1. Once both axes come from the Cα atoms, what is the angle between helix B:7-17 and the longest principal axis of chain B, in degrees from 0 to 90, rounded to 10?
2. Mind listing the long-range amide H neighbours of A:Gly16? Cut-off is under 5 Å, sequence gap 5 or more, other chains count too, H placed in the peptide plane at 1.01 Å from N.
3. If you line up the long axis of helix B:92-114 against the longest principal axis of chain B, both from Cα atoms, how many degrees apart are they, to the nearest 10?
4. Where q = 0.10, 0.14 Å⁻¹, what log10 of I(q)/I(0) comes from the Debye formula for chain B, counting one point per Cα?
5. Based on the mean of other beta carbon atoms within 10 Å per residue, what is the order of B:214-220, B:33-39, most packed first?
6. Pairs to check: B:Lys31/B:Lys51; A:Lys18/A:Lys92; A:Lys18/B:Lys51; A:Lys60/A:Lys92. Give those whose C-alpha atoms are more than 28 Å from each other in this structure.
7. Please report the base-10 log of the normalised intensity I(q)/I(0) for the range A:102-165, using a Debye sum with one equal scatterer per alpha carbon and no solvent, at each q in 0.14, 0.23, 0.24, 0.28 (1/Å).
8. From the C-alpha gyration tensor of chain A, pull out the three semi-axes of the equivalent ellipsoid (sqrt of 5λ each), sorted largest to smallest, in whole Å.
Amino acid sequence: MDERSDQSLTARSRLGDKAAYEQLVLRHYRNLLGLCYAMLMNFNDAQDVCQETFLRGFEKLRDLRDDSLFANWITQIARRLCVDILRQRKKKQIVSTLNEQPCPSAGDYSDLTTAIARLPDDYRIPLVMYYLDGHDERAIASHLGTSQSTVCRRIQAAKQLLHERLSE
Amino acid sequence: MNINPCPNHKTDIEACCCGHLSASQTASLKKHLSECNSCRRYYEALIQQDKQLTAWADSLDSRIQAGQNSLLQQLREKEVHPAPAAQPFRYSYFWNAVAAGLLIAAGFFAARLFQPAVNQEKLFAEWSRAIQPQMEQKLAAAVAQQLRPELVQMRNDLADKMTTQINDSAAQTVALSQAMNAKLIREFADAIQTVQSRDRQLVSDAFSRMEEKRQQDKKQTQKAVTSLAMATGEEIARTRRQLSEVSPVLFDSSNTNQ
């Protein structure tokens, strides 16, 4: 991912250039969806939150001080929205986390999804982002505001834990 | 079923599955995998899991694409409200503060500029003539009436305070001196005890040496007595032999009589 390009696209988007913002969406959508999915463990909710995040981001671009930090900034918006949804779930006591119906055409990955859902947050989020965004560890690090080596280490640990749980 | 790979290769296997090993490290690991059954099984299990996760992610791909397209459509339909390039009122508090400061400064300088002229010398002369003597008299009277008793009271208070402080410091000095004396006495007593114990030790050592010497003397005496006895026995035997040579008959008869 080219940070300078992110910067220029953000600057153009702030001036109302939709095409530039679409480029940003295409670049960050999968990573953000991975984050939302990992936090909510419900694909439909994750899609809704992701879309809401990008729409809000477009409206609030003027609040972004440093254009090169777009990825981190948009991730924070998504995180806040996910936390809101999790809070609402807690209030309504809806346990939808593990009850998601698998996509009819996607095959049955319920065991895998359940095992992923039971991973700790620190492991689950980079793992899901890694597989949904084509193994781009640098982009994940940029979104999560951490180093690439930390992301690699957490993904490896997540895989190991997943292996242990699936082979029990 | 859990697989237990070699502990020193486990991390390498996991890194290899993520593509984080160099070519030489990968070749080395592959060599080990061809020899070690448990490591190979662990590697294959991780690869299998990776494929499963990739397939899971691929199964969501169409839905992701649909969601992305939907978002792009919503964005295209959205009204554009471009943000202003410059934000003049963003720091309005700052500019308000600056304006207030400027107004205050302007008011101050204006007041200085337009203040009425005062003849200070004339004013001082009038004050000296009319008001100063009266004020001095009143001030002196007030000092005499009010301040004097207060000063006396203050002096007494100060004297009391000083006396108290001197007494306190004297008491502290005495206490310190007593403590110091007690400490010195303790040290002196300790020194005496040390010397006494050392003397006792010396006397005890001297007695031990004397006892040792006495034992040695006793042994030597016993030895001398033994050797003397032996020498005496030998001498008697020799004398007896000489006597038997000189007068065998006598000796024999005496032996027979005996």
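Taken together, the values in this text are just the output of simple stated rules run on the coordinates, not laboratory data. All values derive from a computational prediction rather than experimental measurement. Because the Cβ atoms are built from the backbone with ideal geometry, glycine has one as well, and the counts that use them run over all protein chains shown.
1. 20
2. Counting only residues 5 or more places away or on other chains, the set is B:Ala83.
3. 70
4. -1.03, -1.20
5. On the way: B:214-220: 10.0, B:33-39: 14.0.
Highest-to-lowest ranking by the protection proxy: B:33-39, B:214-220.
6. Details: B:Lys31/B:Lys51 23 Å; A:Lys18/A:Lys92 37 Å; A:Lys18/B:Lys51 37 Å; A:Lys60/A:Lys92 30 Å.
Where the Cα-Cα span goes over 28 Å, the pairs concerned are A:Lys18/A:Lys92; A:Lys18/B:Lys51; A:Lys60/A:Lys92.
7. -0.41, -0.94, -0.99, -1.17
8. Values: eigenvalues 165, 71, 36 Å².
Listed largest to smallest, the semi-axes of chain A are 29, 19, 13 Å.
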